[in-house]
Amino acid sequence: MGHLILRVTIKLLFAPIILFALYVQFHGDYGPGGGFQAGVTLAAAFILHALGFGLDRCQKVIPPGWLPVGMALGVLIYAGTGIYTMLLGGNFLDYDVIQPDSHHHAGQHIGIIVVELGVGLAVAATMLQIFYAFAAREPEPMDDAW
Amino acid sequence: MIPFLPAETNPAIILMVAGVLMVFFGPRGRGIIGVIAVALGFLQMYSLGVGPMGDAQMYGITEVAGYEFIPLRLDKLSVVFATIFHIAALVNVIYGWQGATKVEASMGIVYAGSAIGGALAGDLLTLFVFWEIAAISSVFIIWAGGGHAAFKAGMRYLVIQVMSGLLLLAGIALHLVRGGSSEFGAFKLVGEAGVDPVAALILFAFGIKACFPILHTWLQDSYPKASGVGAVMLSAFTTKLAIYALARGFAGTDILIPIGATMTVFPVFFALIENDLRKVLAYSLNNQLGFMVCAIGIGTPLAINGAAAHAFVHITYKALLFMGMGAVLLRTGTTKATDLGGLHKSMPWTTAFTIVGAMSISAFPLFSGFVAKSMITLAAAEEHMLLAWLVLLFASAGVLEHSGIKIPYFAFFAHDRFAPSLRNGAPRPKEAPLSMLIAMGLAAFLCLLVGFYPPVLYGLLPYETDYHAYTLEHVATQMQLLMFAIFAFMLLVRFKLYPPEVRSVNLDVDWFWRVPGRKALMAAVQMTADVWHAIWAALRDITGQVLSGIGAVHRPGGLLARYWTVGYTALTTAAVLAVALLLAFLS
Amino acid sequence: MSDEQHPDILPEERSIFETPGWIRFMWFFVPGTGLFFALMNIVLAVLHKTHPHFGWLFDKNPVFYGIVGFVSFSFIVLVGQHLRKIVMRPEDYYDGPEATMPRINTDDEVRMRSISLGETDE
Amino acid sequence: MLLDDLPVLPVILPLVAAPVCLLLPNNRLAGSFATLVAWIALVLSAMLLHTVAVVGPVEYALGGWASPLGIIYRVDLAGAIVMTLVALMASVTFPYAIESAREEIVPSQTSAFFAMFLIVFAGLMGVVATGDAFNVFVFLEISSLSTYTLVAMGAKRDRRALTAAFTYLVLGTIGATFFVIGLGLLYQVTGTLNMIDLHDRLAGVDNKVVRAGYAFILTGLGLKLAMFPLHRWLPAAYTYAPSPVTAFLASTSTKVAIYAMLRFLFTVFGFNFGFIDVAFTFFLILGLIGMFYASLIAIFREDVKMILAYSSVAQIGYMLLGISFATVDGVAAALVHVVNHAVMKTTLFLAVGAVFYALGSHRLSAYRGLGKRMPVTTAVFLIGGLSLIGVPLTGGFISKWVLVAAAFNSVLAVPSLVIVLMIVASSLLAVAYIGRIAWTMLLEEPVGRQPKPVPMMMVVPMVLMAALTIYLGIDAATLVSLCRQAAETLLSTGLGFGGTS
């Protein structure tokens, strides 16, 4: 079992990677980090798992059918925040209107966190989608496969 | 005023819409629509009102990007042409009631509409638009004649007509850029600075459609190849629209006098030796245009009146002659003089109407030609243009020869080729169908009406006139000329000096592009193709070798070519960037 | 007016315009009318009712128009026919056999065109 | 609130709608939803156009951050015209695509197809609306990336769509890279990405970095708009993409790239930028060559879509020619042609799509005798074709007329008359390739199987576009004056002539 060392390492690293991804995600509004990096890191955890333990087991946890939904939902969260600010009377993505009374720009923080969540979700889903597409060697047979 | 039409509707649009509508109907429906459309257009035109020369009624003026469009300009000159175009359209519809194909019927009306639109156009671009529509709609009528010859002739016709349009457009563009007015008025061909190239360009464009010598062959080439009905439609509009344009733009331009004089003379000889009677008529049409061009060149009010009057009567009698020949074509299948003769026995009405047309065109007193043509010769005489005057007299004798005598004589008299005894008892051809007879009768009636009562025509003319055609002197001189010419004909026939008809085609200027031109073109095409093939083969060899070299390293065939394309294009992009960078750094 | 190349038709097939009487009439009528108008012109000239624009050689001369008609016509016919030597070609010169091909009936809705020589109508 | 947000709404609306569309089931619902979005976007753009025409350019600060710091959207008249055009094309092609896609797309991709369509739409709108140079790049890539996908979706019909999409991907990326390199160089010099700010800071600056950036941007955008030697991605992509995609792309994507080019030339660089003439010389020469080269190729193609695609390249030559005059007239002529060409090309490609729906082929041989079998489609095609040739009473004539007039009014390196003659000559080439198709449609005898009836959903957009082609030919005054005004804005208050000079 040449994969043993790999598999053990993956098992050990899997949770910390996800934790790190979450850290990057939520640190995004203060320092370096944010949804994009977090999403990639999160996806990397699952990709690593799939590499070690096979695609099937990974797809049991995250079925391929979820991914388009994830992508769409991510974008919707992002854009929805913008529209929400517009509905509140501000410009598109003008977060200040979320908490207009705050002196610490709390609105900005809230807005950015929500937006970054959307970005993270979309990016993670996209990364996984790409991985699934390449890893599932046999493409879905098309109607007029040649 | 017509209640359900917008006040400023262009009569041309009425006719064109009707022409398009006709496509959806059968022969009778087409006829009814045609008659209604012509009537509507005519009423509409007169409800708009007519201004005197120099003070036209204008409608629908719009300005686009500094250019003023005047779709409708009604003054005496434009209305007299539009009127006769309406009459011609009506005659065409009736003549083609049974015989016109769908294409001929609808395109004929569109064609008539475009001629009317051109005559009423007040600005140059509108004129150009109708100029082109006339070219394009009429070519379908030629093609409807059927057969390969008609198709080819139509293509030649189209090329020449479109060329005229392009030259006109170029002239207009240059004229406008130079700051000229967009209104279609008089051009000055020769100014202080010599010949004006812009005016020359426009004159050339008009000249093509007016059949100036050497530019004329499209007419003789294409009209006889249309069907019997189609030729009648064609005979009326294109050339007379050009005459109108000349009268409007180049009245009194001296160069037109020698041009017109030449035009009256040379077709006479071609008509003499031509076998196809409809081609004879085409030459005769050219000759008649010469009278008008000459008159426009003289340019006095009397001469312009003469040109307009001549255009007016000419359309009626030339249509009448073409209708007669069309009826003959319908009943016998040919208009070759060598195959015809003696038809007066079974087609008496056609014969009578054709003779009316023939006498009109020869300018017998009491027929319409006399009333108009004498104005032109008188105008030449009054300006003391001896040479032009002599040429016009000479041409008058020529007209008598080819249209006055040759057409009716060879078609209806001469040698009876349809006698049952000669054709194993086959019956003679029948009289023309009723609709054709009605149309011919209408045209003949107009010829006689104008001939008997000229004020009908004089009232329409651009300038006020106190001209009287029927003085004893005019009648006596004209009859003298005609009768002695006929006497000459009788003597020539009697002594067998009159040339017999021979099956043939006669070369004209178009030989230059139909034979050597065509050969040169074909040779050029062949040569280009050969050179191209040689280069291509060489390239293919070289690239083939290079590719097979690379292919040995990489992969064969399609894949290589495919990736090579992308890479090559990327290379192109890099090259463009390099050029842009270089330019940006060096400039 | 028949000649050798054109076989004679039966006498009963002749119309009035082809009878010798009619032809004889024309031989009197045409020059007669011409002379009548020439005379009329001379009378008008004598009475100074004409309005000539050019000299004696031209329209001041009362029979000028007659001469012009006769001479022009003869000139056109006698000289013009020599043009054939230059320009006359066989009928199929340009288009080959296509020139004499029958017309194609392009519209079956209209059948009038297809009637050939001497065939009865319908 | 709605009126204040006008510049941004037509952009974000399709952008938000796209993921929603992706979640919809793979049936007519997705298409109908996309259509609805396009229609709303059209109404919004029309309102925007109206506002801009009345009050002048409008600005919108994204996220409330003011101009040089934040991203602003800035729409002037030229932008509003192009936005309305794009929205119009979307609202015509989307409903058409509902039926057409069933024939040309793998059914399981339907909702993805419309989602992608919406993203392209959003991207194109964004390029036009934004006033930030980097945002142009972002939106250009948003639309391009989804375009590659859409082109590849033509694979159901013809596998060559995949190679076409790949070629397009490679070249498009090269173009985008060049563009962004250019932007980077400019940013290095000026430290800003806001277009107006860029203009101000570039004034009087002339060094190698700026020049290089200029050349890179020129080449990058030149590739996106299929300028003559950089056009090679276009024919294959247009030919093998599904019909509604082709119709939409042909009428909008190159047009938007032209608009971006105008924006950079006149707003960012402007006339006081020392070597702007390089671009004009470039466009003049390449435009003229492109007009002839592409038309000549089009004459010899057998695939109708390919013919029309090459004709697009030729028509882009006309627009570049108009820009190269560097006068108000010239730019106005280019804008008029942008609109007219978009309308006529959509007409043509929609008709071609209908033929494909009915007969399953784009080959010229399938068009034999179509005049008798599909009269409406033939009529629509011919109207578009006539407009392409520039026959009076169609939009194409107006474009050519305005262009010729502009040529005469400009002082150029090449004599105006020569240019005019070349325009006429290349129109004759258009007569040749359109005439060839028209001949096949009208005069040859039909062969093969009877065409399938074309559904109303496809016929109506087609006929509407044909009607619009003719309408633009008759009522030319509105469009011409609008475009002239837009060109004036671009060249003056759009900082072309004005600014610091």
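Each reported figure results from applying straightforward, stated rules to the coordinates on display, with no laboratory input. Computed from a predicted model, the values in this text were never measured in an experiment. Cβ placement follows ideal geometry from the backbone for every residue including glycine, while neighbour counts extend to all protein chains displayed.
Based on DSSP H runs of at least 4 residues, each adding -39500 (n - 2.57), what is the mean residue ellipticity at 222 nm of chain B after dividing by all its residues, to the nearest 500 deg cm²/dmol?
Roughly -23000 deg cm²/dmol at 222 nm, from the helical runs in chain B.
Max-minus-min Cα coordinates of the range B:315-504 on each principal axis give 60, 41, 28 Å, with the largest extent listed first. Each of the GluC sites (Glu not before Pro) that DSSP puts in a loop and that has at most 16 other Cβ atoms within 10 Å breaks chain B; the longest unbroken stretch is B:193-463. Relative contact order of chain B: 13 percent, from C-alpha pairs under 8 Å at least 6 residues apart in sequence. In chain D, the calculated helix contribution to ellipticity at 222 nm averages -25000 deg cm²/dmol per residue, counting -39,500 (n - 2.57) for every DSSP H run with n ≥ 4. Rg then Dmax, both in Å and based on the Cα atoms of the range D:85-210: 18.2, 57.
A quarter of the convex hull surface defined by the alpha-carbon atoms of the range D:1-104 gives 7.5 nm² as the mean projection. The angle between the Cα long axis of helix D:395-408 and the longest principal axis of the Cα atoms of chain D comes to about 40 degrees, rounded to the nearest 10. Relative to the dominant Cα principal axis of chain B, helix B:147-177 is inclined by about 80°. Within chain B, DSSP assigns beta bridges of which about 90% are antiparallel (rounded to the nearest 5). Inter-part distance, the range B:225-274 to the range D:144-187, computed on C-alpha centroids, equals 61 Å.
The peptide list B:9-19, D:461-471, B:366-376, put in order of mean Cβ contacts within 10 Å with the highest first, becomes B:366-376, B:9-19, D:461-471.
Annotation: lysines with alpha-carbon distance below 25 angstrom to D:Lys452 (same-chain offsets under eight excluded): D:Lys156, D:Lys305, D:Lys345, D:Lys372. In plain terms, if you count all Cα to Cα distances in the range D:192-259 and split them into 5 Å steps from zero, the share in each step is 4, 14, 17, 20, 13, 11, 9, 7, 4, 1 percent. Counted over the range B:325-426 with a bin width of 10 Å, the fraction of Cα pairs per bin, in whole percents, is 15, 37, 24, 15, 7, 2, 0.
Counting only residues at least eight positions apart within a chain, or on another chain, there are no aspartates and glutamates with an alpha carbon under 14 Å from that of A:Lys60. Across peptide D:6-14, the average count of Cβ atoms from other chains found within 10 Å of a residue's Cβ is 2. Within 10 Å of the Cβ of each residue in C:32-45, the mean number of Cβ atoms contributed by other protein chains is 5.
Considering all different alpha carbon pairs of the protein assembly as shown, the Kirkwood hydrodynamic radius works out to 35.6 Å.
To the nearest ten degrees, helix D:28-55 and the longest principal axis of the Cα atoms of chain D are 40 degrees apart. Ordering D:149-160, A:81-92, B:419-430, B:199-210 by mean Cβ neighbour count within 10 Å, with the highest value first, yields B:199-210, D:149-160, A:81-92, B:419-430. Annotation: Cα Rg of the range B:264-318 relative to the compact-globule expectation 2.2 N^0.38 Å equals 1.22.
Working value for the range D:9-491: equivalent-ellipsoid semi-axes of 34, 26, 20 Å, each the square root of 5 times a Cα gyration tensor eigenvalue, largest first. Fewest-first ordering of B:Thr239, D:Thr346 by other beta carbons within 10 Å of each residue's beta carbon gives B:Thr239, D:Thr346. Sparse packing (at most 15 other Cβ atoms within 10 Å of the Cβ) combined with a DSSP loop state is found for the following chymotrypsin sites (Phe, Trp or Tyr not before Pro) in the range D:1-84: D:Trp65. Here the Gaussian network model covers chain A, with springs between Cα atoms less than 10 Å apart; of A:His104, A:His49, A:His27, A:His104 fluctuates the most. Straight-distance candidates among the lysines for linking to B:Lys430, with alpha-carbon spacing under 26 Å and chain neighbours fewer than 8 residues away dropped: B:Lys102, B:Lys225, B:Lys279, B:Lys318, B:Lys336, B:Lys345, B:Lys406.
Annotation: amide H of B:Val64 within the under-5 Å range of B:Phe69, sequence separation 5 or more or interchain, hydrogens built in the peptide plane. Pairs of alpha carbons in the range D:155-311 separated by more than 29 Å make up 26% of all such pairs. Counting only other chain Cβ atoms within 10 Å of each residue's Cβ, the peptide C:59-69 averages 6.
When peptides D:172-178, D:320-326 are ranked by their average number of other Cβ atoms within 10 Å per residue, the highest-first order is D:320-326, D:172-178. Shape summary: the range C:13-90 maps onto an equivalent ellipsoid whose semi-axes, from the alpha-carbon gyration tensor, are 32, 25, 7 Å in decreasing order. Rounded to the nearest 5, the antiparallel percentage of DSSP beta bridges internal to the protein assembly as shown is 95%. Each principal axis of the Cα atoms in the range A:4-135 has its own extent, and those three values, largest first, are 57, 27, 17 angstrom.
Return the inverse of the average 1/r over all pairs of distinct C-alpha atoms in chain B, which is the Kirkwood hydrodynamic radius, in Å to one decimal.
For chain B, the Kirkwood estimate is 25.9 Å.
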